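The values are calculated or read from the model by the stated rules, or taken from the named source; none is laboratory data. Treat the numbers as computed from the prediction; the structure is a model and nothing was measured. Here the Cβ positions follow ideal geometry from the backbone for every residue, glycine too, while neighbour counts run over all protein chains shown. We work out accessible area using only protein heavy atoms, side chains counted, and drop any ligands, DNA or RNA first. Shrake-Rupley method; radii C 1.70, N 1.55, O 1.52, S 1.80 Å.
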Amino acid sequence: MTISPIGRRMLRVEDRPLLTGEAEFVDDLELDGMLHARFHRSPVAHARLVAVDLDAARAMPGVVAAYAAADHSLPPLHPPIENDDAWSPPRPLLAEERVRFVGAPIAVIVADSPYAAEDAADTVEATLDPLEAVVDPLLAPDAPPLHDHHTNVLFDTTLDVGEVDTAFAGAAVVVERTFRSPRYSATPMEMRAAVAAPDGEGGVCMWASTQIPHRLALLLAELLELPLERVRVAAMDVGGGFGQKAHAYPEEILTAWLAVELGRPVKWVEDRSENLQASSHARDQVVVVRAAADADGRLRALDADVICDVGAYGVFPHGHILEALGTPSMIPGPYRLEHYRARARAVCTNKGPEGAYRGVGLPVSTFVHERLMDVLAAELGLDPAEIRRRNYIRAEDLPHPTVTHHRYDSGDYTLALERALEASGELDGLRRDAEARGRCFGVGIGSYVEYTGMGSVVFHGRGMVGIPGHHPAWMRLAEDGCVTVWTTLPAIGQGVATTFAQLAAHGLGVPVEDVRVERSDTAAGPGGGTGTFASRSAVSGGGAVKAAAGDLRGRLLDAAAEHLEAARDDLELIDGTVSVRGSPSRGVSVRDLAAAADGDLEPFAVTAEFDPQRTVYPYATHVCALEVDPDTGDVDLLRYVVAEDCGTVINPQIVEGQAHGAIAQGIGGALYEALVYDDRGQLLTASLMDYLVPTAMELPSVEIDHLEIPSPDSVNGAKGVGEGGTLGPTAAIANAISDALGVECNALPLTPERVREAAAKEGNTRAQRGSSPDDGRGARPENAG
C-alpha cells in the first residue's frame, strides 16, 4: 500500500535554492568578455523623431557601440493576429519616424560596464518634434490616428445573443452604471532581463527571465534570419512574471542581435523605472453596462460597452485583442443569462503597450458583474447573498454552455458562497467594535468563474495564430535510477518543479523524491510549446507530463518483463519497484533497470505532447469584512475568506500559496495601485514611491476553503489556480466599502482620497454626523446583507 503523491502537502523543492542564495537569475550570469546594454528612451509621449545624434555617446569611455534605428535592418515586431475585426500595428525595435509613448526605446548603447552604458545613454541627443498626445481612451476613437490606419480603434467586435431589447422592455428594474479599472503593472520582483552570447558560427544562445522561451527562440530565429537549430533560449530562475514576461520585447531581440553583431556576450537588465514605463501594462478599461432584472432579482439581460486602452502597440505574440475578447466574454460571470449584447473595442493611445497580467481582463469582468449584483440588490431591497443564490447557474446544470460560447465544466457555485459565508463566521462583534470607534463597517462578496488551460483551439479561434496552444514534455531515466523531466513551462514562482514531480511520480509509480524537474530550455528537446501563462501549468503541462509518464512507465514494464521473465500484464510498478502481482518479493527496482541498461538509456527517453481540447473553469467566492475611517479614508481589512474550487488539488500548500499571492495582488489593485498619466502622456507613477504595492503590513490573514470537485474535462481533474485570486478582491472590497459607507464604489483603486470623498458626499464623516467616536452609530444600509 502506498500513498499517492497527488494531494500531498509537500514542501516546494524550489524553495531551498531561493532561501539559501543558490538560485540563478539572469543578472547572476557573468561571462567572459561580457558587454552591457542600456537604452535611451523617449522622454515624451508623442513626437516626430527628426534625428538621433550618437556621437557623444560613442565617444564616452568604455563605450563599444551605439545604435539607432538607421543602424540596423531588423524587421519590426508584428503580432500575428488573424481576426477580421482587428488591425495590428507593427512595432519597431527602435523608434523610427515617431515615438508613441514615454519610455519607447530610441537608441541602444553597449559598453564594458552597465555604468558606462548608462552614462553614455544619457548623452544621446534625440531631436523630437512634439505632437499632441492621445491619452483619454474615450476620446481616442475620434482623435487623429497614431498609426497608418484610418482610426485609433484597432479592434471592434459585437456579440448579440437572445432578445436583448425585448428583455429590457419587460424588466421590473433596469440599472446603468459605468465602471472604471485603472492601468496596472505586474511589478515582478525581478524585472525584465536577458543575456545573449554568440554560439558557434552565426548562432546565438540567450538566457532570459521569460515565460515563453520556446516562442522567444522561434522569434529570434525569424527576425535574426537564423536556422532555428542555431538558436537556444534557456529560462533562468525567474523572479516573478505574472504575464508581463509572457511577451517578447524589442529589448530582448536587440540584445540577441548585439551579441551576434559584436561577437561578444551582452547583458541587459532593466531598472524599475524602465519596467514601469516600458514593459507591458494591463486592465485600463471603461465598461458601461445596463442590466435588467425581474422583481425577484433574477437577471434578464445585460448590455455592455467595453473600451480597452491598449496603449501604443500590441504585445507579441498576443497582440492587442487579449482583454477586449476576455472581459466581455466573462461579464455574465457564474450567473444564468439568456440575453446579452456586448461591444468591445481596443483603442490606441500614447501610453505604454498593454499585455497580459494575472487574470487578463477577468478581474475587470468580475468587478463589473459583482458590483452589478450589489446595485440590483439595493434597487430591489434584497440581500446581496440572496440575489446571487437566485442567479447562480445550478450545479445540476453543469456542464453549461453560456451566451458567450464558454462551456462551464463542473462545480457548485452556490456551495462556494455558502462555504465562504460560513467560514466568515459571526461578524456582529467586529461591527460593534468598529462602530464604537467611529468607524463604518461593511461586508462584501465577490463571486467569479474563470477560464484556464486553453489550448490551440481557443487561441487560433481568437485569431492569435502566433500562440501554439500545446505543450511537450520530455522524460529521461538517468543512470542513478532517477527520472529527469523537462517541459516548455518555465517556473515563475508557481511551483511547477514540485507539482510536475508529483504528477510524474504518480504516473510512473516511483517516489516523488526520485523525480527531478529541470528548467525550461529549448536545447532539451524538439521545439514548440506555448509557455507559462493563462493558468495552464497543471492542466496543459500536466497533461503532457502524464502522457510522457505513461509512455516511460510502459517501457520500464517492458524492460522488467524481460528481466524477470514474466508477462508484462502480470507486473505492477509501485514505489520504484516492478514486481509480479501477488508476489512482491519477485521484483526489480527502477534503479536496477537503469544499471542493467549499461549506459544505453536511450530506450528510456520519451517525448509527449498535449493540447487541451476543452477549457476548464475554476471558480470561487471571496467574502471580505472591513472597516473604514470616514475622516481619513483608511480601509482596514478585518477578515478575508475564500471558498475556491480548482478541481483536483495536486499540492494543497502550493494551491494556497498561489491563492495568497494572487489575493495580495488583487488587494493592491483594489486599494493602492494605478499607473497614472497626465494629459501630455507623462507617466506620473514611474517609481515605487508613487506606484504603491501592498506590503505584509497592509495584507490581512486569508482563510481558504477548498471544494475540490474534479473537472471531467481535465486529464488529471485539475483546473488552473494561479490567477483566480486576483479576480475576487476588487469586487469584494468595493462591495464592502460600498456597504460600509452607503455609496457606490464603481471606480478603482479605492484610495484614501477617493474613499474620504465618498464618505463626505454621503455625510459619513464624524464632523457631518456631529457624533463622537463611541456613539455607536453606523452607516450600513439595511439592504446590504
Open item on the list: What does the C-alpha gyration tensor say about the overall shape of segment 1-115? Classify as rounded when a/c is under 1.5, otherwise prolate if a/b is larger than b/c, or oblate.
Closed with: oblate
Open item on the list: Out of all DSSP beta bridges in the chain, what portion is antiparallel? Express it as a percent rounded to 5.
Closed with: 80 percent
Open item on the list: Can you pull out the trypsin sites (Lys or Arg not before Pro) in segment 1-31 whose DSSP state is coil and whose Cβ has at most 12 other Cβ atoms within 10 Å?
Closed with: Arg9
Task: the chain, relative contact order in percent, only Cα pairs under 8 angstrom and at least six apart counted - done: 16 percent
Task: Per residue accessible area of segment 517-556, 1.4 Å probe, in Å² - done: 27 Å²
- [ ] Assign one of three labels to segment 658-714, namely rounded, prolate or oblate, based on the Cα gyration tensor with a ≥ b ≥ c the square roots of its eigenvalues; rounded applies when a/c is under 1.5, prolate when it is not and a/b is larger than b/c, and oblate otherwise.
- [x] oblate
Task: Rounded Å value of the spacing that divides the Cα centres of segment 278-344 and segment 403-450 - done: 23 Å
Open item on the list: Compute, for segment 441-544, the length of the dipole vector about the Cα centre, with Cβ point charges of +1 (Lys, Arg) and -1 (Asp, Glu) only. Units Debye, rounded to 20.
Closed with: 380 debye
Task: Length-normalised contact order of segment 440-590 in % [C-alpha pairs under 8 Å, at least 6 apart] - done: 23 percent
Open item on the list: Could you report the accessible area of Glu572 in Å², rounded to 10, computed with a 1.4 Å probe on the protein chains as they sit in the structure?
Closed with: 60 Å²
Task: Student exercise, segment 383-426 dipole from Lys, Arg, Asp, Glu Cβ charges, in Debye to nearest 20 - done: 220 debye
Task: Relative contact order of segment 266-360, defined on C-alpha pairs under 8 angstrom at six or more residues apart (%) - done: 37 percent
Open item on the list: Which of the three applies to segment 134-278, rounded, prolate or oblate, going by the alpha-carbon gyration tensor with a ≥ b ≥ c and a/c under 1.5 meaning rounded?
Closed with: prolate
- [ ] Would you compute, from DSSP H runs of 4+ residues alone, the mean residue ellipticity of the chain at 222 nm, taking -39500 (n - 2.57) per run and dividing by the full residue count, rounded to the nearest 500?
- [x] -8000 deg cm²/dmol
- [ ] Work out the length of the dipole vector of the chain about its Cα centre, built from +1 on the beta-carbon of each Lys and Arg and -1 on the beta-carbon of each Asp and Glu, and round it to the nearest 20 debye.
- [x] 1080 debye
- [ ] Could you order Asp713, Asp433 so the one with the most accessible surface comes first? Probe is 1.4 Å.
- [x] Asp433, Asp713
Task: Accessible area (Å², 1.4 Å probe, nearest 10) - Arg183 - done: 0 Å²
Task: Options [x] 19; [y] 23; [z] 30 - which one matches percent of Cα pairs over 50 Å apart as calculated here - done: [x]
- [ ] Would you tell me the accessible area of Cys745, worked out with a 1.4 angstrom probe on the heavy atoms of the protein chains, in Å² to the nearest 10?
- [x] 10 Å²
